[in-house]
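Q: Right, I'll just put the structure down here and ask away after.
The values are calculated or read from the model by the stated rules, or taken from the named source; none is laboratory data. Keep in mind that what you see is a predicted model, and the values were worked out from it rather than measured. As a convention, Cβ positions derive from the backbone with ideal geometry for all residues, glycine included, and neighbour counts pool all protein chains shown.
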Amino acid sequence: MIEKITKYCNSLTQYSRYKTREVFIGDVPLGANNPIRIQSMTTTDTMNTIATVEQSIRMIKAGCEYVRITAPSINEAENLRNIKNELRKRGYNTPLIADIHFTPNAAELAARIVEKVRVNPGNYADKKKFQVIEYTDAEYNSELDRIREKFSPLVKICKECGTAMRIGTNHGSLSDRIMSRYGDTPHGMVESALEFLRICEDLNYHNIVLSMKSSNPQVMVQAYRLLIQRMESENMNYPLHLGVTEAGDGEDGRIKSALGIGTLLEDGIGDTIRVSLTEEPEFEVPVAISLVQRYNKRESHSSIISIIESPKDPFIYQRRETFEVAGIGGATVPKVISDFSEERIINNKDLTQIGFIYDQIIDKWNMTDQASDLLFIGNNDLHFESPTTLKVIYNYEKWSSLVDQTKGVPFYSSIEQYKSAGNKSFILNFVEMNQQSTFSDLLSVIANDQTVVLVLSTSNLHGMAEQRRVFFELMLRNIKNPVIIKRSYEKMDENTFRLYASTDFGSLLIDGFGDGVWLTGRDQSNNNFEKEFINRTCFGILQAARTRISKTEYIACPSCGRTLFDLVEVTNKIRKRTEHLKGVKIAIMGCIVNGPGEMADADFGYVGSGTNKITLYHGKDIVRRNVNSENAVDELIEIIREKGSWIEPTKI
């Protein structure tokens with residue numbers, strides 16, 4: 001049995017789907033023993049019937065099993081009927097979902113037309129004014145009575161019409177009432193949904209799906225885990241829709257989505273997913289399919305030693321305690337190791353791929369913000385003076401043969417090799433280990449050796465869980481050596497490689513495990529991936545896990561029919577002007593639905609507030625209202641200057 005504190009999944013060591021109740025959305029059920037369903041959301045104007053239908057068809061052809069469409073007012077809700085009829089006329093019976101914020105009358109109409117409605121408990125019959133209000137118990141209960149009165153009609157219509165409902169909490173739009181009692185926390189997200197869920201249960205309505213979305217994967221994962229624990233304690237088992245909201249675009253959006261969604265899928269959690277990218281919705285679908293297909297045969301993985309009691313609280317972030325070894329572990333940021341061991345010849349220009357640019361004229365190395373920390377070259381030679389900040393790692397035998405062993409540090413392929421070695425570094429030794437060596441007597445050889453950094457590898461199909469089990473064991477035995485997480489992937493394309501690595505590294509990092517990452521991989525033709533691509537992926541994962549910030553972070557919504565400007569165009573324009581602002585978080589929101597709330601997780605915000613009008617934020621505070629869109633990016637830059645976060649871009 002797993003201790004109560006970790007009871008958010010069936011098992012921490014044996015993969016199996018967490019079983020929820022079956023919910024019918026038209027003729028495509030989810031939950032129970034059904035496959036994990038794929039969905040996305042249209043970005044067209046809902047009043048444009050043909051454009052919405054044609055985009056929906058592109059989504060369906062890409063593999064979308066549910067199509068979500070925004071209905072911000074009663075007019076859009078009514079037009080869902082035309083959209084549905086046109087789709088059916090063209091031979092498409094995919095269930096439709098109406099996305100509702102603020103407008104109960106639109107939800108009640110939509111529930112009579114489509115197969116499912118999504119409501120946000122933070123703004124459906126509730127309010128968000130960013131006011132600090134102290135509620136007495138009586139006032140709080142009075143608010144709940146008011147919500148029950150406003151929400152119950154929708155529940156009764158859904159029950160009468162056989163319409164499903166998603167109660168979808170967003171971290172960025174928790175009501176003032178929830179914020180006053182629970183704060184901007186995963187606990188508040190869960191309670192926000194449960195308040196609405198209890199009303200449904202009181203009315204004997206159970207055709208419900210739940211979600212806990214955030215632009216911060218760490219918050220999102222903790223909220224889903226808490227939700228499951230709370231449902232277990234109240235004898236509930238509603239299916240879960242997974243997603244990282246406002247993930248952004250390109251590589252960053254895919255990495256962040258895989259990190260959050262993949263972490264939960266690894267533990268068998270999730271019944272339907274949506275990858276939210278600031279791109280056309282049909283581009284979201286292949287990413288979601290790649291994430292889900294990975295688990296089709298996961299049950300057949302090699303055995304992992306079971307655990308009775310987990311030493312880690314999964315509902316809060318706390319980094320595993322380690323001592324520092326030569327700048328690795330302790331309070332330092334996780335490090336990135338670049339692997340050049342299979343290169344025949346290494347020259348100084350090759351290091352450009354991992355963030356080091358050599359200036360021959362002044363004989364000096366320049367570094368980017370994503371410069372690797374360590375360079376593994378195996379049995380190779382280095383025929384030039386490496387950057388002083390870049391530690392060079394050799395295989396033990398090669399290192400032993402060096403005339404000047406201070407020019408590098410040794411890597412031991414096993415604890416056995418380290419134990420029998422006649423030569424060791426007085427400063428830093430890398431020792432590879434796995435589950436087998438963790439549970440052998442050899443572990444005592446390196447346990448708390450102040451010069452040893454462990455390199456944790458796995459070949460298990462369920463590799464993340466196996467590596468996590470090793471971290472559990474190190475904690476239980478009070479072994480505090482820093483650990484580098486090492487993973488290798490074979491015969492896959494770049495997109496799949498990125499998604500898998502983001503899931504496997506990210507799942508550990510957001511739980512506080514890992515003091516560095518070491519990533520290698522080959523494509524379908526058995527060629528090594530480019531070093532620059534791997535290095536960029538590693539830093540992207542660390543950024544998404546919020547364990548090491550190396551660039552600007554963009555919290556960008558995926559666009560929908562509510563969006564008041566071209567999100568892709570504006571995001572690219574803002575990125576071009578601000579991508580050098582390391583550590584600054586900029587939110588770009590198409591409308592006010594989640595915009596103001598997500599500002600709380602960003603330093604600056606750019607939010608559509610009307611036709612050609614933008615409202616600019618610093619944190620969650622409005623700085624300038626109704627700025628003309630043609631001037632808005634310039635004014636955003638000016639606000640960043642005023643608040644002291646601007647630096648001039650430099651050229652290397």
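Q: Scan region 412-456 residue by residue and report those that are acidic (Asp, Glu) and either within 32 Å of the chain's Cα centre (by Cα) or part of a loop (DSSP other than H, G, I, E, B) (or both).
A: Glu432, Asp441, Asp449
Q: Give the residues of region 279-317 that are touching a helix residue (DSSP H, G or I) at 6+ places or on another chain (Cβ under 9 Å), modelled with pLDDT under 90 and not assigned by TED's automatic domain parsing to the domain that holds Thr13, sorted by residue number.
A: Glu309, Ser310
Q: Tell me, which residue of region 90-110 that is at pLDDT 95 or above and assigned to a loop (DSSP other than H, G, I, E, B) is nearest to Ser173 (Cα to Cα)?
A: This residue is Pro95.
Q: Of all residues being more than 12 Å from Ala587 (Cβ to Cβ) and part of a strand (DSSP E or B) in region 615-631, which is nearest to the chain's Cα centre (by Cα)? Just the residue, please.
A: Among residues in region 615-631 that are more than 12 Å from Ala587 (Cβ to Cβ) and part of a strand (DSSP E or B), the one nearest to the chain's Cα centre (by Cα) is Asp621.
Q: Only one of (1) closer than 17 Å to Cys158 by Cβ; (2) of a type in the set (Val, Ile, Thr); (3) touching a residue at least 40 places away in the same chain (Cβ under 8 Å); (4) not in a strand (DSSP E or B) is not met by Ile113, so which one is it?
A: (3)
Q: Scan region 84-94 and tell me whether some residue there is in contact (Cβ under 8 Å) with a residue 60 or more places away in the chain and surrounded by fewer than 24 Cβ atoms within 10 Å (Cβ to Cβ).
A: So far as region 84-94 goes, yes, one or more of its residues are in contact (Cβ under 8 Å) with a residue 60 or more places away in the chain and surrounded by fewer than 24 Cβ atoms within 10 Å (Cβ to Cβ).
Q: Taking Arg468, is it farther than 18 Å from Glu416 by Cβ and out of contact with any Asp or Glu (no Cβ under 6 Å at 6 or more places or on another chain)?
A: Considered against the rule, which asks whether it is farther than 18 Å from Glu416 by Cβ and out of contact with any Asp or Glu (no Cβ under 6 Å at 6 or more places or on another chain), Arg468 comes out as yes.
Q: Go through region 61-88 and give me each residue that's polar (S, T, N, Q), out of contact with any Ser or Thr (no Cβ under 7 Å at 6 or more places or on another chain) and farther than 16 Å from Glu115 by Cβ.
A: Scanning region 61-88 gives a single hit, Asn75.
Q: Since Gly162 meets every condition but one in (1) without any contact (Cβ under 8 Å) to a residue 60 or more places away in the chain; (2) more than 32 Å from the chain's Cα centre (by Cα), which condition does it not meet?
A: Answer for Gly162: the failing condition is (1).
Q: Of a type outside the set (Lys, Arg), in contact with a Gly (Cβ under 6 Å, 6 or more places away or on another chain) and surrounded by 13 or more Cβ atoms within 10 Å (Cβ to Cβ): is that true of Thr352 in this structure?
A: Here the answer is no, as Thr352 does not meet what is asked.
Q: Out of all the residues in region 500-520, is one or more farther than 30 Å from Asn296 by Cβ, assigned to a loop (DSSP other than H, G, I, E, B) and either free of Cβ contacts under 8 Å to residues at least 12 places away in the same chain or in contact with a Gly (Cβ under 8 Å, 6 or more places away or on another chain) (or both)?
A: Yes, that holds for at least one residue.
Q: Quick one: would you say Leu87 is farther than 22 Å from Glu280 by Cα, hydrophobic (A, V, I, L, M, F, W, C) and at pLDDT 95 or above?
A: No, not satisfied.
Q: For region 133-152, does any single residue satisfy the condition of being of a type in the set (Asp, Glu), surrounded by fewer than 16 Cβ atoms within 10 Å (Cβ to Cβ), modelled with pLDDT of 90 or more and assigned by TED's automatic domain parsing to the domain that holds Val244?
A: Yes, region 133-152 contains at least one residue that is of a type in the set (Asp, Glu), surrounded by fewer than 16 Cβ atoms within 10 Å (Cβ to Cβ), modelled with pLDDT of 90 or more and assigned by TED's automatic domain parsing to the domain that holds Val244.
Q: While we're looking at this one, here's another question. Which of (1) surrounded by fewer than 22 Cβ atoms within 10 Å (Cβ to Cβ); (2) within 26 Å of Gly512 (Cα to Cα) does Ser276 not meet, given it meets every other one?
A: Result: Ser276 passes all but (1).
Q: To continue, here is another question. Pairs, please: C-beta under 7 Å, at least 6 apart or cross-chain, first residue more than 12 Å from Lys349 (Cα to Cα) and in region 377-391, second of a type in the set (Gly, Ala, Ser)?
A: Taking only residues 6 or more apart or on different chains, the pairs are Ile377/Ser341; Gly378/Ser341; Asn380/Ser341; Leu390/Ser372.
Q: Assess whether Ile346 counts as being at pLDDT below 95, aliphatic (A, V, I, L, M), under 24 Å from Asn528 (Cβ atoms) and in contact with a strand residue (DSSP E or B) (Cβ under 9 Å, 6 or more places away or on another chain). Don't jump to the end; show me each part of the working.
A: Details: at pLDDT below 95: yes; aliphatic (A, V, I, L, M): yes; under 24 Å from Asn528 (Cβ atoms): yes; in contact with a strand residue (DSSP E or B) (Cβ under 9 Å, 6 or more places away or on another chain): yes.
Yes; evaluated as a whole, the condition is true for this residue.
Q: Filtering region 177-227 down to residues that are basic (Lys, Arg) and assigned to a helix (DSSP H, G or I), which residue is nearest to the chain's Cα centre (by Cα)?
A: Taking region 177-227 as the starting set, the residues that turn out to be basic (Lys, Arg) are 177, 181, 198, 213, 225.
Subset that is assigned to a helix (DSSP H, G or I): 177, 181, 198, 225.
Values: Arg177: 27, Arg181: 27, Arg198: 29, Arg225: 14 Å.
Looking at residues that are basic (Lys, Arg) and assigned to a helix (DSSP H, G or I), I get Arg225.
Q: Arg68: surrounded by fewer than 19 Cβ atoms within 10 Å (Cβ to Cβ), among the charged types (D, E, K, R) and either in a loop (DSSP other than H, G, I, E, B) or modelled with pLDDT of 95 or more (or both), yes or no? Let's see the steps before the verdict.
A: Working: surrounded by fewer than 19 Cβ atoms within 10 Å (Cβ to Cβ): no; among the charged types (D, E, K, R): yes; either in a loop (DSSP other than H, G, I, E, B) or modelled with pLDDT of 95 or more (or both): yes.
When the stated conditions are applied, Arg68 does not pass them.
Q: Could you check region 392-427 and list, in sequence order, the residues that are without any contact (Cβ under 8 Å) to a residue 24 or more places away in the chain and among the hydroxyl-bearing types (Ser, Thr, Tyr)?
A: Selection gives Tyr394, Ser400, Ser401, Thr406, Tyr412, Ser413, Ser414, Ser420.
Q: Right, Gly514: buried (at least 19 other Cβ atoms within 10 Å of the Cβ), modelled with pLDDT of 95 or more and at positive phi or not?
A: Taking the combined requirement at face value, the residue satisfies it.
Q: Looking at region 162-174 only, could you name the residues that are at pLDDT 85 or above and either surrounded by 14 or more Cβ atoms within 10 Å (Cβ to Cβ) or hydroxyl-bearing (Ser, Thr, Tyr) (or both)?
A: Thr163, Ala164, Met165, Arg166, Ile167, Gly168, Thr169, Asn170, His171, Leu174, listed by residue number.
Q: Counting only residues that are outside any strand (DSSP E or B) and in contact with a Leu (Cβ under 9 Å, 6 or more places away or on another chain), which one in region 328-339 is nearest to Thr537 (Cα to Cα)?
A: My answer is Pro334.
Q: Would you be able to say whether some residue in region 324-346 is surrounded by 23 or more Cβ atoms within 10 Å (Cβ to Cβ) and among the small types (Gly, Ala, Ser)?
A: Yes, region 324-346 contains a residue that is surrounded by 23 or more Cβ atoms within 10 Å (Cβ to Cβ) and among the small types (Gly, Ala, Ser).
Q: Residues of region 207-225 being of a type in the set (A, V, I, L, M, F, W, C) and within 24 Å of Lys116 (Cβ to Cβ), which ones?
A: The first filter runs over region 207-225 and keeps only residues of a type in the set (A, V, I, L, M, F, W, C), leaving 208-210, 212, 219-221, 223.
Hits for region 207-225 are Ile208, Val209, Leu210, Met212, Met220, Ala223.
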